[in-house]
Amino acid sequence: MNAKRHVARMTVLLATAALLVTACSGSSSPPATSAPASSAGASSPAGSPITLTIAANAVVGGKSNQEAAWITNYVIPTFEKQMAAQGENVTVNFNGTGVADEQYKAQLALDLKSGSGADVFDMDGIWIGEFAQANYIKPLNQIVPAADGWDGWAQITPAVQANMSYQGQRYGIPSGTDGRFLYFNKSVFAKAGLPADWQPTSWQDILTAAQTIKSKVPGVTPLQIDAGTAMGEATTAQGFLPLLVGTGVKLYDESTQKWQGNTTQIQDVLNFYKQVYTTGLGDPQIQLAAKGRDQSFQEFSQEKIGILGESDYMWRGVINPTGGVDPMQDRNTEVGWTLMPAMTPGSGVNGQSFVSISGGGGRVLNPNTKYPKEAWALLSFMASKDAVLQYTNGQAQITQRNDVNSQILSSDPLLTFVATKVLPLTVYRPGFAVYPQVSQALQLASQEVFAGKSVSDAATEYNNTLVQLVGADHVASGS
Amino acid sequence: MSDPNATALRTRGAVAFLTPALLLIAVFLVFPALWTLYLGLTDYRLTGIQAAYPHVIGLNNYTAALGDPAFANSLWVTLLYVLGSAVIGQAGLGFALAWIFRRWRGPARNALEVLVITAWIIPSSVVAFLWIAFLDTRQGTLNAALGNAAIPWLFSWPLLSIIVFNTWRGTAFSMLLFGGALNTLPPSHLETARLAGASSWQQLRDIALPTIRGHILTNLLLISLWTFNDFTPYLITAGGPNFATDTLPVYIFRNALINFQLGYGAAISAILLGINLVIALIYMRLLRARS
């Protein structure tokens, strides 16, 4: 009797434990060696139905509405019609999500690992290295030999192509690039007595303006510079790296082949963070909250944040009066923007006084696609001049194509600003597979300095993680 | 004397009936568990070179975990969460409700049960959203009820918030189980005790609790394990702010599926499995001591 109960309990227990273990360890199959897609994926005979799927971290009416609406309303019907004209019966589905980028990335990796996933999908350029190393994605010309002959490459500058390349091989077609700078709210500035054409020339100028807002405009968070692990890559791209290049160094120095470890420059950045978030200039709650970036967007659109470091994505995807997540009807008159200054004039990389960081995503072919020819036709169609023009639809956006940029450049003041002022100063993130892990270590360090750790402790801890990731030979420390 | 043919037939029948179940358990429980133990010995990652070519690194993941202050923090947070929300919160409140309302019958009792069970059956994602809306600093229902206060509940009291949340969410199970157990008390015992002048507290201490001790322990075993492995708080706080609600399942999720360290995540999962076994053994010891 007792023994039987014992067995029953043990079974329940083991079941619970094992379920948890499997749930937490993800898929349990060994890394699959995928068959070469080009041989497996012969095109279907004309007329028989083909189904293609596009995946993107975008949903109609939500995150990245512009892209989702474009795919649904333009790409799919137009492409299907074009294929029908060639006698091919192609149906395209859109698999859109609206989650944090890190979650989208995990979903993508799990899909590709199991040999499934959409035929064409969006990816951030900084993920290319680690996905390529894992054999989840393949160079375009290995999936579709014709890819190198695409006429669109001539319209995409090499720096932008490099975003979607790894070790000199193109893995996808870029869908644009971006730049980082400071936004500010002009009516908050007016209340604080600050100029509408504000241009800080040092970090101290930013802090001084924030202090003025703090004392003169109660109820407004003066300054948000992204920090912490909850914001993910936004912290590194919008906060840490623009600050770091303002101290005169790049995260990875190509000439010495070293990453920045516990250096004075890293400590300078951490000190800035500490100052912002422990003296009431920035709101640490936003940085630590689960949906902090959304909250910062929302508060900026409601005049509750004075100065915010962001990319042009916010202008077109968030506070855009048409189709933004947090639309600002008076965006064009209310919102000011200015270049991110170096720590002091002339202290930035290459002796610059103003700095920026750029990245950008693109679209990749799934090596497991059953219809590589048609998937490539879809991918290249989405990056054709007509399609890209349709995508921008008069909105501010640095596209991947020079011919489109020159046509729409003057239509928007912010677009002009990014293209002519920000991009010439910008630095791209290191295209290494290990970069996302280094980035996470930086995010953690930026959070620890305002959660109570000293700058030198946080920098030491970051340095230790970095040494584990890239080896002591590739870490620069000291000044 | 039993017929040997009949015994053999019975054995064969038992094997035939058990085989499918045992196969299922082997494929879906035993194999993944063993595979997890193996993965925990490797540097396997979701992306990068280690995704294609993982290496066995021995016990490095385990030593890394034991040396990681974040792991120690996570273990501590989990213990507080289990103690606060399962043992004190769900079991305590569940028993209190069952005891106080044990003589209620009819529509009032049904209404109470429906209320409590509602919290239990709503899907986690929906419940998480409701609680985010409830506790929001600027537009939250709770702050509005407090006269437009702007208390950042999830920021200033994150662990307490998810403990209260999980108590609210899971009390139904304990209440139903204890309610059923209390119904098995022979009314004559309580009646006799009352006539002998025993107070309500004495009836509870000397009659009810000893009689349903087995139910209490079984309930504690189940809800402790569930809470230990509960992932719902992640939907509300994502383990933050600054890891204040970083329970072990969240820690595993962060390392395995946000940082992509599948090998490390598997090692921690194995540690979690060990902790679960220890909890279970302690409770079973207590149960056996009873009989």
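Under a point spin-label approximation (7 Å from Cα along Cα-to-Cβ), what is the B:L9-A:N73 distance to one decimal in nm?
Computed distance between label sites B:L9 and A:N73 equals 7.5 nm.
Based on the Cβ-Cβ distance from A:Q407 to A:T333, what FRET efficiency comes out when R0 is 22 Å, to the nearest 0.05?
E(calc), rounded to 0.05, equals 0.30.
Which GluC sites (Glu not before Pro) does the stretch A:216-307 hold that lie in a coil by DSSP with at most 10 other beta carbons within 10 Å?
A:E254
What net charge do the residues around B:G94 carry, taking every other residue with its C-beta under 14 Å from that of B:G94, with Lys and Arg at +1 and Asp and Glu at -1?
+1
Considering only C-alpha atoms, what is the centroid distance from the stretch A:58-113 to the stretch A:373-387, in Å?
13 Å
Under the rule of -39500 (n - 2.57) per DSSP H run of 4 or more residues, summed and divided by the residues of chain A, what mean residue ellipticity at 222 nm is obtained, to the nearest 500 deg cm²/dmol?
Rounded to the nearest 500, it is -11500 deg cm²/dmol.
Can you compute the charge dipole magnitude of the protein assembly as shown about its Cα centre, using +1 on each Lys and Arg Cβ and -1 on each Asp and Glu Cβ, nothing else charged? Give it in debye, rounded to the nearest 20.
2780 debye
Pop out the Kirkwood hydrodynamic radius of the stretch B:190-291 from its pairwise C-alpha distances, inverse of mean 1/r, in Å to one decimal.
16.6 Å
Within 10 Å of each Cβ in B:231-241, how many Cβ atoms from other chains are there, averaged over the peptide?
For this peptide, the per-residue mean of nearby foreign Cβ atoms is 4.
Quickly rank B:122-133, A:236-247 as a protection proxy: mean count of other C-beta atoms within 10 Å, highest first.
Highest mean packing first, the order is A:236-247, B:122-133.
Can you compute the FRET efficiency between A:D148 and A:V349 using 1/(1 + (r/R0)^6), with r the Cβ-Cβ distance and R0 = 30 Å? Round to the nearest 0.05.
Plugging the Cβ-Cβ distance into 1/(1 + (r/R0)^6) gives 0.35.
In what sequence do A:T235, A:T460, A:T53 fall when counting other Cβ within 10 Å, fewest first?
The fewest-first ordering by Cβ neighbours comes to A:T460, A:T53, A:T235.
In whole angstrom, and with the biggest value first, how far do the Cα coordinates of the stretch A:88-231 range along each principal axis?
The Cα atoms of the stretch A:88-231 stretch 63, 33, 33 Å along their principal axes.
Do you know the Lys pair count in the stretch A:260-406 for C-alpha distances under 23 Å, with sequence separation 8 or more or different chains?
Within the stretch A:260-406, the lysine pair count is 4.
Kindly count the pairs of lysines across the stretch A:49-167 whose alpha carbons are less than 20 Å apart, treating pairs on different chains or eight or more residues apart as eligible.
4
Once amide H atoms are built 1.01 Å from N in the peptide plane, which residues 5 or more positions from A:T263, or in another chain, come under 5 Å H to H?
A:G478
Could you go through the stretch A:209-216 in sequence order and give the Karplus-derived ³J(HN,Hα) for each residue, using 6.51 cos²θ - 1.76 cosθ + 1.60 with θ = phi - 60°, rounded to whole Hz, and x for Gly and Pro?
Running phi through 6.51 cos²θ - 1.76 cosθ + 1.60 with θ = phi - 60° gives 4, 5, 5, 4, 5, 4, 7, 9 Hz.
Could you work out the mean count of beta carbons from other protein chains within 10 Å of each residue's beta carbon in A:439-448?
So the per-residue partner count for this stretch is 1.
Send over the semi-axes of the protein assembly as shown's equivalent ellipsoid, whole angstrom and largest first, taken as the square roots of 5 times the C-alpha gyration tensor eigenvalues.
51, 35, 26
Averaged across A:129-138, how many Cβ atoms of other chains sit within 10 Å of each residue's Cβ atom?
Shielding by partners across A:129-138 averages 5.
So for the pair A:N93, B:F231, with labels modelled 7 Å out along Cα→Cβ, what separation do we get in nm?
Placing both labels 7 Å along Cα→Cβ, they lie 2.3 nm apart.
Taking 0.36 nm per residue of separation and subtracting the Cα-Cα distance, what length does fully extending B:A150 through B:Y38 add?
35.4 nm
So if I take the centroid of the Cα atoms in the stretch A:191-214 and the same for the stretch A:416-477, what is the distance between those two points in Å?
27 Å
Going by how many other beta carbons lie within 10 Å of each one, how would you line up B:T11, A:T97, fewest first?
B:T11, A:T97
Would you give the gap between the C-alpha center of the stretch B:245-269 and the C-alpha center of the stretch A:277-355, rounded to a whole Å?
Taking the Cα centre of each part, the stretch B:245-269 and the stretch A:277-355 sit 32 Å apart.
Lys and Arg at +1, Asp and Glu at -1: add these up for the other residues within a Cβ distance under 12 Å of A:F189 and post the number.
Local charge sum for A:F189: 0.
Would you compute the Debye intensity of chain B from its alpha-carbon atoms alone, equal scatterers and no solvent, and pass along log10 I(q)/I(0) at q = 0.10, 0.11 Å⁻¹ to two decimals?
Each listed q corresponds, in turn, to -0.75, -0.87.
What distance in nm separates the simple spin-label points at A:T51 and A:T201, each placed 7 Å from Cα in the Cβ direction?
6.3 nm
Return the long-range amide H neighbours of A:Y428 (sequence gap of 5 or more, or a different chain), with a cut-off of under 5 Å between placed amide H atoms.
Sorted by chain and number, the residues that satisfy this are A:S358.
Using only helices, what value at 222 nm comes out for chain B when you add -39,500 (n - 2.57) per DSSP H run of length 4 or more and divide by the total residues, to the nearest 500 deg cm²/dmol?
One gets -20500 deg cm²/dmol as the mean residue ellipticity at 222 nm.
Would you mind checking the stretch A:339-368 for residues with the amide N under 18 Å from a putative spin-label position 7 Å along Cα→C-beta of A:N271?
A:341-349
Take A:S187, B:S224 and order them by how many other Cβ atoms sit within 10 Å, fewest up front.
Sorted ascending by nearby Cβ count, the order is A:S187, B:S224.
Consider a paramagnetic label point 7 Å from the Cα of B:N73 along Cα→Cβ; state which residues of the stretch A:457-479 have an amide N under 19 Å from it.
Label zone hits: A:457-466.
Using the Cβ atoms and a cut-off under 14 Å, what net charge is assigned to the surroundings of B:L185, where Lys and Arg are +1 and Asp and Glu are -1?
Local charge sum for B:L185: +3.
Would you mind getting me the FRET efficiency between A:Q82 and B:L18? Use the beta-carbon distance for r and R0 = 60 Å, nearest 0.05.
0.50
FYI, it's all coordinate maths here, none of it is from the lab. From a predicted model like this one, the values you see are computed outputs, not experimental measurements. When we count neighbours, we look across all protein chains shown, and the Cβ atoms used for this are built from the backbone with ideal geometry, even at glycine.
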